[in-house]
Structure formats: C-alpha cells, structure tokens
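S.K.: Below you'll find the structure I mean.
Each reported figure results from applying straightforward, stated rules to the coordinates on display, with no laboratory input. The structure displayed is predicted, hence computed values, not measured ones. Backbone-built Cβ (ideal geometry, glycine too); neighbour counts: all protein chains shown.
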Amino acid sequence: MTIVYNIFYNLAKLLARMIFSMRVIHPERMVESGPLLIAVNHSSFFDPPLAGICSRRGVYYLARKTLLKWPFFGPLFPAMNVIPVERDGNDMSALREVIKKVKEGNAVLLFPEGTRSVDGHLQPARAGIGLVIAKTAAPVLPMRIFGAYEAFPKNAHRFQLSRITVVIGEPIYFSEEEISDTSRETYQLLSNRVMQAIGALKLP
C-alpha cells in the first residue's frame, strides 16, 4: 500500500465500523497473495471501499476518468490504486491495465454487473470479467455486500444509516479447458458463473 492508500484504507475501515456497524462474514476466505479478481455486486457508491477494506493488501479498482477531475480527491486517486476507465465502460485500455495488474500478482476488484443497480437487486453479468478470467487464469473471489444500497443508492444525494454486512465466498478456480476458448460466448459463460456464485451468498 502507498501512504495515501494506507491512510484512506484505515479511515474507511474506521468509518465503516462506526457509522454502518460493518461486519465481514468468512474473512478467512480472503486471498491475500497472488493474482486475484475480487467480484462484487454493485448497488452503491460505497461498494469499492467497503469491499477493499476486507483485504489486508492493496486492491486495484476501476473508476470513471471523470472522478480524477474532482477537487482534492481526484489527484489522489492514482495513489489509491485507481485504474481510470471511460464512462461507458467499453475501455479496452483499462481492461488491458487490469489484466497487466493481475498478471503481476495483484488483486483487482471488478463488478460483473458493470454498473450500479437502480433497485438494489442483482443484475445480469456482462462479459468483461469473463474476458479477464480467460486472459489471466486468475482465481475469482465472489463477495456480496448487503445494506450498501439502503445506505447510499444510485442517484441519492446523501447517505442513510444502515447496517452493512459483507459475505465472502469460496475462491473459484478455473481449469485450462474452461478458459481455452476466446469467444465472447465463453467470456459470458465465465461471467455468468461468477454472478451465480455472488447470488448464492446469503446473510447468515
């Protein structure tokens, strides 16, 4: 972790516990070394930091390029492991950077749904994470965040108090046969498998 990442990591962890009484179910399942894709449901602006603080190592994130123009925080995002991506999400340069970071042995957080849910329910997966799986052969750690939508849903102007729980699933490993085909259909099947694993995670 960079100094900036470490500061915001610890601040986010403190605020999540104090404001949202955040708890993590099965923290022992977190993969703390080697290449990893962390796959998370997406329903709130809070999702990236909430998922990131579940790991003891630095995690890389995708974020819209426009966020880098924010006053004060924008210039700090690169030091917080942010990989900028075009707003429409179809940014191949960003995907190449994700693949590079994973191949270097890093953890990268991705949202299979691609964008935030408008109603808090899980959305169909897009093929993007499947492409990254096929190109890196990295294991995928499914994770599901409960309560973030109630705390800060899409289009909200302020957050609400809501208890947040993060459930971590078992890592998914893919065989060479499963990722050998480089068709979009294969990418979508891989993405669907990840989304199914996220959907299977429930509150205890």
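S.K.: For the chain, what are the DSSP H helices with axial Cα length of 15 Å or more and mean Kyte-Doolittle hydropathy of at least -1.0? It would help to have the intermediate numbers written out before the result.
M.R.: Details: long enough: 3-20 (25 Å, 1.23); 92-103 (16 Å, -0.01); 184-199 (22 Å, -0.39).
In the chain, the long hydrophobic H runs are 3-20, 92-103, 184-199.
S.K.: I want the antiparallel fraction of DSSP beta bridges within the chain, as a percent rounded to 5. Write down the numbers at each step before the final one.
M.R.: Values: 5 of 23 bridges.
In the chain, approximately 20 percent of DSSP beta bridges are antiparallel ones.
S.K.: Using the Karplus curve 6.51 cos²θ - 1.76 cosθ + 1.60 with θ = phi - 60°, what ³J(HN,Hα) values do you get for each residue of the stretch 160-174, in whole Hz, with x for Gly and Pro?
M.R.: Karplus-based 3J(HN,Hα) across the stretch 160-174 equals 10, 6, 7, 6, 10, 10, 10, 10, 9, x, 6, x, 9, 10, 10 Hz.
S.K.: Got a sec? Charge dipole of the stretch 1-100, +1 on Cβ for Lys and Arg, -1 for Asp and Glu; which of Phe8, Val59, Met18 is way out at the positive end?
M.R.: Final value for the positive-end residue is Met18.
S.K.: Give the order of Glu170, Glu28 when sorted by the count of other beta carbons within 10 angstrom, beginning with the fewest. Present the calculation step by step, with values, prior to reporting the outcome.
M.R.: Numbers: Glu170 13, Glu28 6.
By the 10 Å Cβ count, ascending, the order reads Glu28, Glu170.
S.K.: Here is a further query. May I ask you to list the lysines whose Cα is less than 22 Å away from that of Lys100, ignoring any residue fewer than eight positions away on the same chain?
M.R.: Result set, ordered by chain and number: Lys65, Lys135.
S.K.: Sticking with this one: Among [x] 14.4; [y] 16.4; [z] 10.8, which is the computed mean projected area of the Cα convex hull in nm²?
M.R.: Recomputing mean projected area of the Cα convex hull in nm² here picks out [z].
S.K.: Provide the gained length on full extension for the span Thr182 to Ile19, in nm with one decimal, where the gain is 0.36 nm per separating residue minus the Cα-Cα distance.
M.R.: Working: separation 163, 0.36 × 163 = 58.68 nm, distance 4.44 nm.
Taking Thr182 through Ile19 to full extension adds about 54.2 nm, to one decimal.
S.K.: If neighbour count is taken as other Cβ atoms inside 10 Å, put Met143, Met1 in order from fewest to most. Could the numbers behind the result be given before it?
M.R.: Working: Met143 27, Met1 16.
Final ranking by Cβ density, sparse to dense: Met1, Met143.
S.K.: While we're on this one: All other residues with a Cβ under 10 Å from the Cβ of Arg163 taken together, and with Lys, Arg as +1 and Asp, Glu as -1, what is their net charge? Working shown, then result.
M.R.: Numbers: positive: Arg23; negative: Glu150.
The answer is 0.
S.K.: Over the stretch 3-199, calculate the relative contact order: mean separation of alpha carbon pairs under 8 Å at least 6 apart, over the residue count, as a percent. Don't skip to the answer; put the middle values down first.
M.R.: On the way: 367 pairs, mean separation 59.1, N = 197.
Here the relative contact order equals 30 percent.
S.K.: Mind checking the dipole of the chain: about its Cα centre, +1 per Lys or Arg Cβ, -1 per Asp or Glu Cβ, Debye to the nearest 20?
M.R.: Working: 24 positive and 17 negative charges, 150 e Å.
Computed charge dipole of the chain: roughly 720 debye.
S.K.: Determine, for Leu189, Leu141, the number of other Cβ atoms within 10 Å of each Cβ, and report the residues in order from fewest to most.
M.R.: Numbers: Leu189 15, Leu141 25.
Listing Leu189, Leu141 from fewest to most nearby Cβ atoms yields Leu189, Leu141.
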